[in-house]
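Working notes, beginning with the structure itself.
What follows draws every value from the coordinates through simple rules; no lab data is involved. Note that the structure is predicted; figures quoted are calculated from it, not measured. Note: ideal-geometry Cβ built from the backbone for every residue, glycine included; neighbour counts use all protein chains shown.
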């Protein structure tokens with residue numbers, strides 16, 4: 001698995017490619033922890049290059065969804081392939097996780113969450 | 001298992017989680033020989049990966065000096081559509097009762113900020129039957145997939 005980091009305005013974008021399994025998920029988990037510690041709490045995950053995901057990869061997100069709910073973290077995932085989406089759907093996570101089609105959709109989603117959190 | 005009516009494939013891997021890629025490649029290479037939908041094959045690969053990962057982590061401490069054996073039984077010849085596929089994961093570790101394991105809901109997992117407890121739930125959603133057995137020191141987790149069965153893949 002490879003990770004690539006880019007920053008666009010307020011967005012900390014992590015592009016994940018390859019296989020996200022028990023062996024590689026620690027690297028993504030560490031990257032997310034490190035980003036939040038640096039104050040980067042507006043994070044977009046680009047999954048367009050992701051070929052495979054298993055439960056440890058999914059766990060990286062389930063362990064953080066409460067932080068999204070409480071407004072500590074603004075997170076959105078985009079570019080998910082049909083193959084990976086099937087796994088999210090099997091768990092019912094397609095309805096519980098912020099999964100968007102494109103980067104622009106993900107940015108708009110995060111912006112709307114930020115507006116709500118300021119109300 | 002009546003081996004004479006099944007095509008049988010075997011693979012031994014060490015218990016380092018780095019071997020999971022090898023597990024997926026092996027299962028994928030076997031399933032690719034049969035007339036299966038790609039989506040179905042991908043989910044079967046995932047279920048085997050999840051059980052192997054669980055065995056490696058919880059029964060072998062990811063010790064690369066210990067090993068698992070994977071055995072796949074397919075009830076038809078290559079290029080045909082199987083009716084049934086059987087996946088066995090055999091090892092010398094302590095048996096874990098996946099059959100009676102109560103899978104938490106995904107909402108519970110999120111609420112408790114957990115990152116585990118997801119994989120075995122996936123296995124139960126994908127496979128039609130799961131059996132466990134320990135004989136002569138060998139733990140066996142047997143997963144049965146009926147093509148066209150009740151599980152939605």
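Points worth noting:
- Paramagnetic reach from residue A:118 in the stretch A:72-110 [backbone N under 14 Å; point 7 Å along Cα→Cβ]: A:110
- Relative contact order of chain B, pairs being alpha-carbon contacts under 8 Å that are 6 or more residues apart, as %: 25 percent
- Under 18 Å from the residue B:99 label point (7 Å along Cα→beta-carbon), backbone N, the stretch B:120-145: B:120-121, B:123-145
- Shape call, the stretch A:7-119: gyration tensor on alpha carbons, a/c limit 1.5: prolate
- For the pair residue B:35 and residue A:2, a Förster radius of 25 Å applied to the C-beta separation gives a FRET efficiency near 0.15, rounded to the nearest 0.05.
- Shape class for chain B: oblate, because the ratio a/c of the largest to smallest gyration tensor axis (alpha-carbon atoms, square roots of eigenvalues) is 1.5 or more and b/c is at least a/b.
- For the stretch B:36-112 and the stretch A:1-69, distance of Cα centres in Å: 25 Å
- Residue of A:96, A:75, A:44 that the Gaussian network model of chain A assigns the largest fluctuation, springs spanning Cα pairs under 10 Å: A:96
- Cα gyration tensor, the protein assembly as shown - rounded (a/c under 1.5), prolate or oblate: prolate
- Shielding by partners for peptide B:35-43, expressed as the average number of C-beta atoms from other protein chains within 10 Å of each residue's C-beta, is 2.
- With helices as the sole contributors, chain A gives -13000 deg cm²/dmol at 222 nm; each DSSP H run of n ≥ 4 counts as -39500 (n - 2.57), and the sum is divided by every residue.
- Euclidean distance between Cα centres, the stretch A:94-115 to the stretch B:119-144, Å: 38 Å
- Selected from B:118, B:86, B:109 as most flexible by GNM, with chain B as the system and alpha-carbon contacts under 10 Å: B:109
- Per-residue average of Cβ from other chains inside 10 Å of A:47-57: 4
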